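*Asks:* Once you've had a glance at the structure underneath, I'll fire off some questions.
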Amino acid sequence: MERDTERMHLGVYAAGTGNHVAGWRYAGASQSGEDFEAFRRIAESAERGRLDFFFVGDNLACVPEEHPGMVARLEPFTLLSALAPLTRHIGLIGTASTTYCQPYSLARRFASLDHISGGRGGWNVVTTSSPESAANFGLDTLTAHDLRYRMADEFAEAVKGLWDSWEGGARIADPETGVYVDAARIHPLDHEGEFYSVRGPLNHSRSPQGRPVIVQAGSSESGQAFASRHAELLFSVQQEIDAARAFRRGILSRARAQGRDARWIRVLPGLMPVLGGTEAEARGKLDVLGRFVDDSAAMHLMSDRLGYDMSRYSLDEPVPDLPRSEHIHGYVDVHIARARKAGQTLRDLYNLFAAARGHAVVSGTPEQIADMMEEWFRARACDGFVLLPAYFPAGLDEFVDEVVPILQKRGLFRTEYEGTTLRSQLGLPVPENRYSAQRASGTGQVKRSRGATSAPTLHHT
Ligand SMILES: Cc1cc2nc3c(=O)[nH]c(=O)nc-3n(C[C@H](O)[C@H](O)[C@H](O)COP(=O)(O)O)c2cc1C
């Protein structure tokens, strides 16, 4: 069995200026990636709609030509920690890079987020593909793609090991005896790998979710290999139902080959819903947004997505057969092949990237949008969606007020939250602590090894 629920999962990608590159120009739209009140409104609206999670991306460089929501943006941990006490149920997923951080500091930050939020933290693992970021961290060039993923693999193992440092019950805090911790239940990691050396233990007790949820959004071969080993939630880029179904099936079967239980993996493609009272009205909104995009911003966006300088081409030429670049995002190959097959121009391609950075866009009435979502979900092309409203706050409010009730009526989406942790919303079990598992099975000390891999047994809460 590869799915244990008939309810979809929904999250919102909170880009301060809206997900459409020109969303900030829409009447009444939020215009900044640093406006905390705007993010608070997004989180509150998402929670009102019973969404599973609030997601923030991140980058580590300022590129003025970039998507306006990414030129200046709040740092994810600061933002999510500030939102934690203002919300009660919604998961808080933040993006953090394995290339420009150490496992210990990252494990600690996410453990803190999980403690502060009462178990609602999630880590979107990225390896950071922008050359501009490398220059901000003392590197002359961007570390090669596959090497970044090799590093990320070891990094994630070390982080998971650190999150297991403390068994449940290790903090005794008995005022009578004066015993504060049971040191026998706090374990060093002693990780000595190819890229990282981490002694541990982490200076954090076991976090409310056992460990924060691991999220990933890469689609290259090495990105998928990483996801099949570590990710519990995949954020994918899909345009077509058949390709989405094949991607999901592929990830689940690769995960099974790693000894994982595929029931505990959620695959959520991004989706930009554009609502209207009629199909024409919805289409009109997209056209308004399209007219706001200027050609130079579009060229930059397209060059960034394709990993190739596009300024030598004219927007009205057919999509050329581009050489594969090592900076290219894995999913872009699919878009290029599709556009060439359909005889599209670069302008068509850039409209696709300008709208939702390559994610699917669906415009229409609330019923039509719900129909599309239902069709993908029932076809097992996905386990739900990451919503990318074109602009905030109205783009999300409309979805919550008009599409969510339809999905609820059809029994496809929750009417009340299942619990107070991100794992409970996603229907994911709490991973059992590796040392407690060893203790329970009576096999004594866990062997620590170079780059030890772990496949903790799982139990439900
Ligand atoms: C949906 C989606 C969201 C992403 N968000 C971020 C992000 O916020 N920050 C970042 O540095 N990279 C982000 N990435 C980039 C990926 O993490 C990854 O580095 C990139 O897609 C290249 O990996 P791949 O070659 O495996 O596709 C995102 C990618 C996708 C597909």
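The values are calculated or read from the model by the stated rules, or taken from the named source; none is laboratory data. This is a predicted model, so every value here is computed, not measured. Virtual Cβ from ideal backbone geometry, glycine too; neighbours counted across all protein chains shown.
*Asks:* Grab the helices (runs of 4 or more DSSP H) fully contained in the stretch 1-98, keeping just those with 1 or more residues being under 18 Å from the mean Cα position of the chain (by Cα) and polar (S, T, N, Q). Spell out how you get there, then give the answer.
*Replies:* Values: elements: 36-48, 68-71, 76-83.
By residue number, 76-83.
*Asks:* Please go through the stretch 188-225 and give me each residue that is away from the ligand (no atom under 16 Å from the Cβ), among the hydroxyl-bearing types (Ser, Thr, Tyr) and assigned to a loop (DSSP other than H, G, I, E, B), ordered by number.
*Replies:* Of all residues in the stretch 188-225, those away from the ligand (no atom under 16 Å from the Cβ) come to 188-212.
Now restrict to residues that are among the hydroxyl-bearing types (Ser, Thr, Tyr): 196-197, 205, 207.
Across the stretch 188-225, the qualifying residues are Tyr196, Ser205.
*Asks:* Six or more apart or on different chains, Cβ under 8 Å: which pairs go from a residue in the stretch 345-361 that's farther than 15 Å from Val334 by Cα to one that's within 16 Å of the ligand (Cβ to nearest atom) and in a helix (DSSP H, G or I)? Could you list them?
*Replies:* Correct list of pairs: Ala354/Leu301; Val361/Leu352; Val361/Ala355.
*Asks:* Something else about it: Ile116 is checked against (1) of a type outside the set (S, T, N, Q); (2) under 18 Å from Thr421 (Cα atoms); (3) buried (at least 22 other Cβ atoms within 10 Å of the Cβ) and fails just one. What number does that condition carry?
*Replies:* Just one mismatch for Ile116, condition (3).
*Asks:* To continue, here is another question. Pull up the stretch 237-254, narrow it to residues that are within 18 Å of the chain's Cα centre (by Cα) and within 26 Å of Glu432 (Cα to Cα), then point me to the one that is nearest to the ligand (Cβ to nearest atom). Walk me through how you get there before you give the answer.
*Replies:* First, the residues of the stretch 237-254 that are within 18 Å of the chain's Cα centre (by Cα): 237-239, 244, 247-248, 251-252.
Still in the list and also within 26 Å of Glu432 (Cα to Cα): 248, 251-252.
Numbers: Arg248: 14, Ile251: 12, Leu252: 17 Å.
Here the answer is Ile251.
*Asks:* Could you list, in sequence order, the residues of the stretch 123-158 that are touching a residue at least 12 places away in the same chain (Cβ under 8 Å) and away from the ligand (no atom under 16 Å from the Cβ)?
*Replies:* Residues satisfying the conditions are Glu154, Glu157, Ala158.
*Asks:* Moving on. Considering only the stretch 372-385, I want to know if a residue exists there that is surrounded by 21 or more Cβ atoms within 10 Å (Cβ to Cβ) and among the aliphatic types (A, V, I, L, M). Don't jump to the end; show me each part of the working.
*Replies:* First pass over the stretch 372-385, keeping only residues surrounded by 21 or more Cβ atoms within 10 Å (Cβ to Cβ): 373, 376-377, 381-385.
Remaining after also requiring among the aliphatic types (A, V, I, L, M): 373, 381.
Taking every residue of the stretch 372-385 in turn, at least one turns out to be surrounded by 21 or more Cβ atoms within 10 Å (Cβ to Cβ) and among the aliphatic types (A, V, I, L, M).
Yes/no matrix, rows are residues, columns are (1) surrounded by fewer than 17 Cβ atoms within 10 Å (Cβ to Cβ); (2) in contact with a Ser or Thr (Cβ under 8 Å, 6 or more places away or on another chain); (3) modelled with pLDDT under 85:
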{"site": "Asp287", "(1), (2), (3)": "yes, no, no"}
{"site": "Phe292", "(1), (2), (3)": "yes, no, no"}
{"site": "Asp316", "(1), (2), (3)": "yes, yes, no"}
{"site": "His329", "(1), (2), (3)": "no, yes, yes"}
{"site": "Val334", "(1), (2), (3)": "no, no, yes"}
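*Asks:* List the number of the failed condition for Ala107; all other conditions in (1) surrounded by 22 or more Cβ atoms within 10 Å (Cβ to Cβ); (2) more than 15 Å from the chain's Cα centre (by Cα); (3) under 20 Å from Tyr391 (Cα atoms); (4) more than 16 Å from the ligand (Cβ to nearest atom) hold.
*Replies:* (3)
*Asks:* Which of (1) modelled with pLDDT of 95 or more; (2) closer than 30 Å to Phe392 by Cα is the odd one out, the single condition Ile186 does not satisfy?
*Replies:* Evaluating Ile186 over (1) modelled with pLDDT of 95 or more; (2) closer than 30 Å to Phe392 by Cα leaves (2) as the failure.
*Asks:* Right, Pro320: within 16 Å of the ligand (Cβ to nearest atom), within 30 Å of Ser222 (Cα to Cα), modelled with pLDDT of 85 or more and in a loop (DSSP other than H, G, I, E, B) or not?
*Replies:* Details: within 16 Å of the ligand (Cβ to nearest atom): no; within 30 Å of Ser222 (Cα to Cα): yes; modelled with pLDDT of 85 or more: yes; in a loop (DSSP other than H, G, I, E, B): yes.
For Pro320, the condition - within 16 Å of the ligand (Cβ to nearest atom), within 30 Å of Ser222 (Cα to Cα), modelled with pLDDT of 85 or more and in a loop (DSSP other than H, G, I, E, B) - is not met.
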